[in-house]
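First the structure, in the form of structure tokens, and then the observations on it.
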Amino acid sequence: MVTYIARRLLIFIPVLLGITIINFIIVNMAPGNPVDMYIDPNMSPEIAEAKKEALGLNDPLFVQYVKWLGTLLTGDLGYSMSSYAPVAQLVGERIMPTVTLGLAALVLALLIAVPLGILSALKQNTKIDYLVTGLSFIGTSIPNFFLGLALIYIFAVNLGILPTGGMQKLGGDGGFGDRMLHMILPAIVLATGIAGRKVRYVRASMLDVLKQDYLRTARSKGVHEFWVTNKHALRNALLPVITVVGLEIPILLGGAIITEQIFQWPGIGQLTLQSMMSRDYPTIMALNLIAAVAVLGANLLTDILYSAADPRIKVG
């Protein structure tokens with residue numbers, strides 16, 4: 001196991017390096033720069049040029065990248081070009097709200113998708129199967145921004161039972177109950193698309209497993225159908241689902257940008273949008289790097305969990 005992880009980490013390093021190069025080129029190809037976003041109408045071109053020189057924006061792209069990479073290797077993510085605060089501090093303040101929201105959404109999605117996927121497979125080609133399949137397509141297709149605004153209108157504006165946004169009540173103590181209440185709507189929005197996709201994975205995997213000979217053997221020995229389904233079949237049916245769960249990490253991060261903006265959730269997604277609007281290159285690069293590490297780490301964790309779930313599969 002240790003050898004396998006070490007080998008994967010050696011592969012991750014050049015992959016991360018390649019991702020940072022591509023991201024750096026794309027970020028700097030965008031029109032405008034941080035100085036243009038904050039130029040005073042009365043500012044002379046000489047002062048604007050001096051600001052660009054001070055920020056290193058006049059250096060060749062290769063030189064800018066090498067300077068950024070050298071700073072990164074020292075453990076420093078640099079300073080924000082818009083707020084002048086350390087990027088590590090900005091990210092540190094925003095990362096836990098996004099992680100908390102993402103984990104809540106993922107758990108909620110699996111709690112919905114696994115039972116519905118099993119039910120759909122057991123009731124194949126019945127009205128229940130068609131209903132579950134139809135709901136999964138709706139969950140996959142509905143845009144986050146539309147669902148978010150609809151939930152705010154229904155539960156916050158009309159019914160008044162849930163907050164419209166934020167992470168805690170204005171003037172509140174930000175306790176566990178208060179944060180959970182504010183997390184309900186954004187977690188539902190993020191979980192809806194994931195649940196819609198996972199229902200179909202669970203259903204397809206379960207249908208494949210239910211045809212296996214060992215389940216017929218278990219039934220012939222008098223094993224109750226509940227145990228045949230939930231002990232023997234479910235464990236093997238969930239193996240492919242474990243693999244695709246790791247693929248939800250980038251989708252969660254992408255969805256969080258829209259969802260956090262709608263619900264004013266102070267996380268990485270909202271910071272990403274603010275950084276893009278202000279052309280804050282160091283913050284954008286740091287966020288892209290974190291996203292890449294999260295995706296690669298999720299893939300590694302998926303391999304380990306797959307091996308743990310199925311002893312026949314060995315890593316290393």
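What follows is calculated from the coordinates using simple rules that are stated; it is not laboratory data. The structure displayed is predicted, hence computed values, not measured ones. Here the Cβ positions follow ideal geometry from the backbone for every residue, glycine too, while neighbour counts run over all protein chains shown.
For a quick check: with amide H placed at 1.01 Å from N, whose amide H comes under 5 Å from MET167's, ignoring anything fewer than 5 positions away on the same chain?
For MET167, no residues qualify.
Expressed as a whole number of Å, what is the distance separating the alpha-carbon centroids of the stretch 253-289 and the stretch 111-163?
27
From the phi of every residue in the stretch 258-271, what ³J(HN,Hα) in whole Hz does the Karplus formula 6.51 cos²θ - 1.76 cosθ + 1.60 yield, where θ is phi - 60° and glycine or proline is x?
6, 5, 5, 5, 5, 9, 6, 7, x, x, 5, x, 5, 5
Sequence-distant or interchain residues sharing an amide H contact under 5 Å with TYR79, placed H: which?
Residues meeting the criterion, in which the H sits 1.01 Å from N, are VAL87.
What's the lysine pair count for the chain at a Cα cut-off below 21 Å, pairs eight or more apart or interchain?
Counting lysine pairs in the chain gives 11.
Not counting the cut sites, what is the longest span of the chain without chymotrypsin sites (Phe, Trp or Tyr not before Pro) that DSSP labels loop and that have at most 14 other Cβ atoms within 10 Å?
85-316
Would you be so kind as to identify which of LEU73, MET206, ILE152 lies farthest towards the positive end of the dipole of the chain, taking Lys and Arg as +1 and Asp and Glu as -1 on Cβ and the Cα centre as origin?
Sorting the options by dipole projection puts first MET206.
Report the extension gain between MET276 and ASP178 in nm, rounded to one decimal, defined as 0.36 nm multiplied by the number of residues separating them, less their alpha carbon distance.
Net length gain for the segment: 32.3 nm.
Using 7 Å Cα-to-Cβ label points, what is the GLU93/ALA6 separation (nm, one decimal)?
Going by the 7 Å Cα→Cβ label model, 4.1 nm.
For THR217 and VAL15 in the same chain, what is the full-extension length gain: residue separation times 0.36 nm, less their Cα-Cα distance, in nm?
Value of the extension gain: 68.1 nm.
Kirkwood hydrodynamic radius of the stretch 90-196 from all distinct Cα pairs, in Å?
15.3
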